[in-house]
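J.: The structure's right below; bear with me while I get my questions together.
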Amino acid sequence: MKDLRVVFMGTPEFSVPVLKGLIDNYNVVGVVTQPDKEVGRHQELAFSPVKQVAIENNIKVLQPVKVRVEYEDIFKLEPDIIVTCAYGQIIPKELLDFPKYKCINVHASLLPKYRGGAPIHRAILNGDKETGITIMYMAPGMDDGDIISQEKVVIRDDETVGELHDELSVVGRDLLLKTLPDILNGKVKPIKQDESLVTLAKIIKREDEVIDFNLTTDEVYNKIRGLNPFPGAYALLDQKIVKIYKGRKNKNLTKALPGEVVNIYKDGFAIKTYDGEIVIEELKMEGKKKMSGADFLNGINKDDFIGKRFTKE
């Protein structure tokens, strides 16, 4: 089906393997992505990762500010099917119903669990043991369309959101390419989502990034790996932001207030939690570069550091 006219809608790095897989196997006639953003200190315009791939492959790019009212140019591309993956806007019904094979979405969870914009983060933050990819028909609501296919992925105990993100993006590509022939041949039997099992994966906000050491060691550990490398979990030390990227759990029951530095090890320092301690192995002090726990310890007076307290405000 090399002649199948595909319009792809996506924006971030997660979408890139899916788009490349479509380009290698089908006729991608257009890419729809979010408008360029100003980034950095000099506020220079930056293309989305998906736009960069489209340009490299001489594919037409559309960037509507509000696709719910700016979709006429997508009609002009005459798509047989529209594939979306982490696009970032709700697609209007007029567009969903336009292509012959409808509009399908690649979503990074096992729907109906984790509808929304941060399913990978939420799976790790909540300590889940598995997640996956869902291919579904799109509907006017948020991630509420009928399920076409799914594939489960085990979450390792030490896996970070960055690692899971990269793994799921490849699984999403492969499941889509495996599923598309059945969609085109009319062999799929979509399943309606069970609304009683719906959970939401809300976008990560600034208040979600702060570490509360009054929580259990498991909860603190999951927050650290669930936000590594983006956007990064943090706590305050002497009113300065300390980003914490890597840690390990320790059930040491040293008597101290949650947040206090209680032990020094070769590879890092331990902070008291509700039921143990978390050993900080990688961090970034405000205004400095990311460093290992061992390198950080080499630059301080270790005796004076014991008893220092990390807080959330």
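J.: Taking the stretch 220-231 as the region of interest, how many residues are in a helix (DSSP H, G or I) and without any contact (Cβ under 8 Å) to a residue 60 or more places away in the chain?
T.: 3
A quick yes/no check of all residues on (1) at positive phi; (2) part of a strand (DSSP E or B):
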position	(1), (2)
Asp73	no, no
Gln89	no, no
Asn105	no, yes
Pro112	no, no
Gly127	yes, no
Pro140	no, no
Gln150	no, yes
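J.: Additional query: Report the residue count in the stretch 189-212 for those that are among the charged types (D, E, K, R), outside any helix (DSSP H, G or I) and within 28 Å of Gly141 (Cβ to Cβ).
T.: Residues flagged as among the charged types (D, E, K, R), outside any helix (DSSP H, G or I) and within 28 Å of Gly141 (Cβ to Cβ) within the stretch 189-212 amount to 5.
J.: Could you tell me whether the stretch 46-61 includes any residue that is at pLDDT below 95 and either polar (S, T, N, Q) or surrounded by fewer than 18 Cβ atoms within 10 Å (Cβ to Cβ) (or both)?
T.: Checking the stretch 46-61: at least one residue is at pLDDT below 95 and either polar (S, T, N, Q) or surrounded by fewer than 18 Cβ atoms within 10 Å (Cβ to Cβ) (or both).
J.: Of the residues that make up the stretch 155-164, is at least one assigned by TED's automatic domain parsing to the domain that holds Thr11, in contact with a strand residue (DSSP E or B) (Cβ under 7 Å, 6 or more places away or on another chain) and either part of a strand (DSSP E or B) or closer than 18 Å to Gly10 by Cα (or both)?
T.: no
J.: May I ask you to verify whether Gln89 is modelled with pLDDT of 95 or more and either surrounded by 18 or more Cβ atoms within 10 Å (Cβ to Cβ) or closer than 28 Å to Val171 by Cβ (or both)?
T.: no
Condition check ((1) over 12 Å from Phe310 (Cβ atoms); (2) hydrophobic (A, V, I, L, M, F, W, C); (3) assigned to a strand (DSSP E or B); (4) free of Cβ contacts under 8 Å to residues at least 60 places away in the same chain) across all residues:
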residue: Ile244; (1), (2), (3), (4): no, yes, yes, yes
residue: Leu253; (1), (2), (3), (4): yes, yes, no, yes
residue: Pro258; (1), (2), (3), (4): no, no, no, yes
residue: Ile264; (1), (2), (3), (4): yes, yes, yes, yes
residue: Ile271; (1), (2), (3), (4): no, yes, yes, yes
residue: Val279; (1), (2), (3), (4): yes, yes, yes, yes
residue: Glu282; (1), (2), (3), (4): yes, no, yes, yes
residue: Phe296; (1), (2), (3), (4): yes, yes, no, yes
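J.: Checking Leu215 against (1) of a type in the set (A, V, I, L, M); (2) surrounded by fewer than 21 Cβ atoms within 10 Å (Cβ to Cβ); (3) under 29 Å from the mean Cα position of the chain (by Cα); (4) not in a loop (DSSP other than H, G, I, E, B), which test does it fail?
T.: (4)
J.: Within the stretch 160-174, which residues are surrounded by fewer than 21 Cβ atoms within 10 Å (Cβ to Cβ), in contact (Cβ under 8 Å) with a residue 12 or more places away in the chain and touching an Asp or Glu at 6+ places or on another chain (Cβ under 9 Å)?
T.: Correct list: His165, Glu167, Val171, Asp174.
The values are calculated or read from the model by the stated rules, or taken from the named source; none is laboratory data. Note that the coordinates shown come from a computational prediction; the quantities given were computed from them, not determined experimentally. Heads up, the Cβs are rebuilt from the backbone with ideal geometry, glycines too, and the neighbour counts pull from every protein chain shown.
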